[in-house]
Structures are given as structure tokens and as C-alpha cells.
Amino acid sequence: MLAAILLMALLLGGSGRDDVTSLVVLRPIAILALAVALCLLPSDVWQRNKALLACAFASVLLVALQLVPLPPAIWQALPGRDLVVEIDRAAGMADVWRPISLVPYRTVNALMAMALPLAVLLLALTIERERQFRIALLLLAGLFASTLFGLLQIIGGEGNAFYLYRITNDGSAVGLFANRNHHAVALAMAFPLTAALVALASRMAEERSGALQWGGLSFAALLLPSLLVAQSRAGILVGLVGLASVLFVLKISPFRIAGSGGRTATWKTALALVMLVAVAILTVQMTASNSFDRLFASGVGTETSLRFNTWPVAVRLAFENLPFGTGMGTFVEAYRVVEPDFMLRPQYMNHAHNDFVELFLTGGLPFVLLLAASLAVVVRNYFRGSAEDRSEVSLMFRRLGAVILLLLFLASSYDYPLRTPLMAAIFALSLVWTAGRAGADRSLNEGT
């Protein structure tokens, strides 16, 4: 079931918009999977993951509470509601009960969106570490497909049939996503994911270790130019972090790489570097001549400029609506009221392009405190789990999950990757790899 829902997320969950047709299929499947997961989760898994699951269900509860209607006297006393109060009085609606959320249907959408990652979290906790390898392999196959789609999108030009979503970054490589930044983050994840799976597969089939290593290297050679043609500036930086994280995932010291295998290893390393550079140069030459124009673009109308001008306004608005925020998913309407005149343009700001700022604005202090508590739980469980289960499979997956969470953390500081169903599912899966303590872990300890 976990494999099936992850596959559905890969096929249907690449857009962060709430009006894409694919959600008509994906959302009911996610809710059904969540119901099944709640019934199947063993009691010992509940006990061993009390803190992690408490944080997960607390997030759902906080969103739901933002939809509870409040008496007019209480609602009108909330900070940041003055404009709506004046409108209500002018329209003769001063006695209407309203929820904390300024735009309830947006918050309902946010609540429904949580079904998929929560289902993935619960289902993944029922699977022992060794079988997580198959799930990770499916994820890697999906990222490989996204990479190929991205290259075909660039080669085919704007508006070709390989773009899966109507509202997308036409002319850029977006893969299975609608947004080039999200595609670039997926490519960054593929570096540590490939390294971990190749390392684990090589241990399970030592006679084929050489072929597996060269296969992983070939995929890495495809990822590097794909990052370049994605035309995501921040994505390239996150991709470099993902590439560097391979050393942490494999627990390799950079000072020992060149001399760890004598002359043969040195030649292999040199050949690998030459191959990666050659493929990158070849791809650059074959792609459109304007592929890198956006990477070096600057000015008032660029995305970077818009982000830097949006963040201070959003933070100021967040302080005006403390402590409860404007309601999850309400950024568009809340920001529109205070958007500076010099930033007005035909397109609207769909998000703050910094999920921490947007979380502060829409969720207020309760969600900020929950985020801090959740980070503490994940860090504690990472070290506790690493000490309890010393098997190589478990340790490898914990390091891999931690790296993917770090990449998503970095990407969320300039964009909104976790608002796409696919990225939310990968986030939940990485939480289990990093901080989960499945009941089956005991059998691994006994067999180690």
C-alpha cells in the first residue's frame, strides 16, 4: 500500500496548486490509505513513536481548530481583524460567527492536504528497515523518470507534450513537477539516495558491486547537467549540498578518497570526474542557447527581487496577526491587502516563497512552537535510534533521511516544496527513516 500511494504521488502530486485535476483522484486515495493505516498500525509502534506521532497529529489538530467558528465578540477581538470587522458592520453582519481562518475554504484544503503525508508516515512505520530498501528504490526510479522528463522538456521546447501541468514553468525543466525549483530539489535528493542504495545493494550482491557503482555514477552524470538546465539558481546550490552530502551518507572522509585504494582507485576517481564534466559540457551545448540566461538575470522584476521585497511585508503582517495567524493556506488573500503598490503586476504572489515566513504568518505562534518541538523530537530520535540499532542498513537510512530533511529545510527557506503532495510524501518518508522507531527494529537488533 505504501508503494502504491507513493507511485500515485509521483504520477499525480507534482503541483502545489489546490485546483489541479489530479487531486480529485489523489486526495480520496490518500484519505482511504490514512484510514487503513490508522487501523493497521501496531500498538507497539504507537508506543515507540509517541512523540513523533504526537507532533504529527498536533499539526492536524491545530489546522482543524482554525476552522472552529468563534462568537463575534471573541473573533472581533483577535488581532488583524479590524478591516473585516469594519466590512461586517457596514454590511450589517456584525453578529456572524467566524473561525480564526480568514479564508476557511483555503484552510480546509490545507487540512485535506495533510492526509497524504500522514498516511505515508503511518504506513512507513509498519515496515522494517530492510524492506524500506524497496520503497527507496521506487522513489529513486521516480526521480530518474523526473530527470528524463526534464531533459525531454528542454529538448522539446516550450509547450511540448512532456509538461504534465497547464500552469508550469514553461521552457524550463520541471520533470514530474510543475515548478522548476521543486524539480531541482528532487534532483538534489537523488545524489544521496543513489549513493545509499548503491552502497546497500553492493553489500547484498558483492559480485555485481562494480556494475552497481558504475550505474550509480552514470545516474549522477545525468543529474549534474539536469540541475543546470532546470534554471533554478537556488536549486543548483541545494544540488551541490546534496552532492556533498554523499560523503556523510556513505561515512567517507574526503581526505581519504584519493588514497583509499592505491593507483586503481585514483584512476577510477579521475575517470569519474572527467566523465561527469564531459556529460555536463555536452548537455550545455545541446540545450537551448537561453538555458542559462535566467541563472544570471537580475533586476527589479526578477523572482529574487520579488522574494526579498515580499518577506519583510509578510513578516510585518505576521506580527500584526499574532498570536493565532491568518489561517493555514490564506497567504494569497491576507498578503493582497497589504501588498506594496510598486510590486503590483499581472501575476499574483501565490506564496511567500519562504515557508518559515508563511508558517509564521498563517499559523502564528502555535505552529512556530510546534515546529520547534518537532525539530527537537526528530533530532533526539535520530541520535537515540542510531544508538539503539547499529545495523548498517538502519544507520544508512537514518543518515539518508537526515540529509533529505536538510535539503527540504534549505529549499523551504526560498520556496514552498512541501506544499506539493509528492514532496510532502517524501518528507514523511524521510521522517520515518530519520526519527522513526518501527516495532520491527527489535528483530533487526536480535539478528545483528
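Based on alpha carbons, the Rg and Dmax found for segment 306-448 are 19.0, 66 Å. Projecting label points 7 angstrom from Cα along Cα→Cβ for GLN347 and ASN109 puts them 1.8 nm apart. Residues with beta-carbon under 12 Å from that of GLU392, excluding GLU392: net charge, scoring Lys, Arg +1 and Asp, Glu -1? For residues surrounding GLU392, the net value is +4.
Amide H contacts of LEU70 (H built 1.01 Å from N, in plane; Pro and chain starts excluded): ARG98 sit under 5 Å, all sequence-distant by 5 or more or on other chains. With R₀ fixed at 35 Å, the C-beta to C-beta distance from PHE308 to LEU65 puts the FRET efficiency at about 0.60.
Say a paramagnetic label sat at a point 7 Å from the Cα of VAL241, along Cα to Cβ; which residues of segment 163-179 have their backbone N under 20 Å from it? Inside the label zone: 179. Label-to-label distance for LEU137 and ALA4 is 2.0 nm, based on points extended 7 Å past Cα in the beta-carbon direction. Once you list every other residue whose beta carbon is under 14 Å from the beta carbon of LYS50, what net charge do they have if Lys and Arg are +1 and Asp and Glu are -1? Spelling it out: positives minus negatives among the neighbours equals +3. Put a dot 7 Å past the Cα of VAL332, heading toward its Cβ, do the same for ALA91, and the two dots end up 1.8 nm apart. Across segment 168-185, coupling constants 3J(HN,Hα) worked out from phi with the 6.51/-1.76/1.60 Karplus curve, θ = phi - 60°, read 8, 7, 4, x, 10, 7, 10, x, 7, 9, 9, 10, 5, 5, 5, 5, 5, 5 Hz, and Gly and Pro carry x. In the context of the full protein assembly, TRP46 retains an accessible surface of approximately 80 Å², using a probe radius of 1.4 Å and ignoring ligands and nucleic acids. Put simply, when 64-73, 9-18, 140-149 are sorted by average Cβ atoms within 10 angstrom per residue, most first, you get 9-18, 140-149, 64-73.
The values are calculated or read from the model by the stated rules, or taken from the named source; none is laboratory data. The model shown is predicted, which means the values in this text are computed figures rather than measured ones. Quick reminder, even Gly has a Cβ in these numbers, built from the backbone with ideal geometry, and neighbours come from all protein chains shown. Quick note on the areas: whole protein, heavy atoms, side chains included, nothing else; ligands and nucleic acids left out. Shrake-Rupley method; radii C 1.70, N 1.55, O 1.52, S 1.80 Å.
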